[in-house]
1. For R110, R99, what's the fewest-to-most ordering of other Cβ within 10 Å of each Cβ?
2. Rounded, prolate or oblate: pick one for segment 8-108, where a ≥ b ≥ c are the square roots of the eigenvalues of its C-alpha gyration tensor, a/c under 1.5 means rounded, and failing that, prolate if a/b is larger than b/c, else oblate.
3. How many angstrom separate the Cα center of segment 1-73 from the Cα center of segment 342-375?
4. Enumerate the lysines that K317 could reach by cross-link, defined here as Cα to Cα under 18 Å, with residues fewer than 8 away along the same chain left out.
5. Compute, for the chain, the length of the dipole vector about the Cα centre, with Cβ point charges of +1 (Lys, Arg) and -1 (Asp, Glu) only. Units Debye, rounded to 20.
6. Sort I369, I156 by Cβ crowding within 10 Å, fewest neighbours at the top.
7. Size of the chain along its principal axes in angstrom, Cα-based, largest extent first?
8. Hey, rough spin-label estimate for V338 and A278, points 7 angstrom out along Cα→Cβ, what's it come to in nanometres?
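Here, each number is a calculation from the coordinates, and none is a lab measurement. Treat the numbers as computed from the prediction; the structure is a model and nothing was measured. Positions of Cβ are backbone-derived with ideal geometry, glycine not excepted, and every protein chain shown enters the neighbour counts.
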Amino acid sequence: MTGFALGVDQEEWCGQLRALAAERLRPLAEKGEPGRVNRPLLAALGELGLLERVFASGALELCLLRESLAYGCTEAETALALQGLGAYPVLRAGSEEQRERWLPGVRAGRAVAAFALSEPGAGSDAAALALAATADPAVDAAAGGGWRLNGEKCWISNAPEADFYTVFARTGEGPGAKGVSAFLVPADRPGLSGAPLDMLSPHPIGSLTFDGVPVGPRDLLGEPGRGFRVAMDTLNLFRPSVGAFAVGMARAALDATLAYTADRTAFGGTLSDLQAVAHRVAEMATRTEAARLLVYAAAGAYDRGAGDVPRRAAMAKLLATETAQYVVDHAVQLHGAVALQRGHLLEHLYREVRAPRIYEGASEVQRTIIAKELYAGVAAR
């Protein structure tokens, strides 16, 4: 894939999504309480069939969906993405029983999913997980015994309000990533508790405490000791779509800046007449377009099953999230004080745009992945 261009049908669909986000989903988002799961918004995403498309589509369509929703309503985009992130491991690695029990509710916006990977001491270094899964033959004895989970998770989106968690814990089959297993843990399991964290985020983020939480073979997602692969498969899909989320925010900020600078009078003309302003806008637009092309190249590689998906996914997330930060920051600068007023689009985007450079692998982690993949290619020659 050397280039990217949308077809007519795709362009129309993206336009419909942007309008839907602004007209139907934005009012629901505004009624939500910051830091809480917005269940009416989730229900609307389910009713409109958008959650279904997260699971039925490939990476390219997921990116189009996230970019378009982000342009008109970042809260709707994030609610949709978190459902996908939390439940995608169930779709890919879960048993038929797990899928039948949980996925219909997720698709309808009734069941809230969460992806529980990060810990107080294992954020960027996901292979350093410490949540312990200790074998206990008394847990689900009929199935040959199970485990008890002890430890903590932190910075978990949708916690502590999710209905179930995809949890990654150390079962000890091997060192590092080789000893991690994935479990589907319903929120009502005994010994599981959580607390909200006061974060720079409109959606809920919390911590989870596991005090002897019982899990059995029927709670496993995939095979014991293969949980890290479940996590990485999920992130390889969702990292490019985080880039699409960032591109949607950048495009919204760019369009707002174009409209404002073309109309705002200053120094005997409009701001757009000033070369310093026009060149800044040109740079914003060029970086946004470059990031968008890289995002969709990564999505296309994922859908083709290419072997270089980890590198492409990391590049897409890195460039797009860093670009969005640049574009939104300069959009605020060109608007001046008006953009800092509570409720202004750019004030909202300025708060939203910072976190994607950290979650699902910080920018520094993406650079490490890219370099590792590049040098692995050299060694293989």
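1. Going from sparsest to densest Cβ surroundings: R110, R99.
2. It comes out oblate by the Cα gyration axes.
3. Segment 1-73 and segment 342-375 have Cα centres separated by 20 Å.
4. K372
5. 480
6. Fewest-to-most Cβ neighbours within 10 Å comes out as I369, I156.
7. 81, 56, 39
8. Using points 7 Å along Cα→Cβ, the separation is 2.1 nm.
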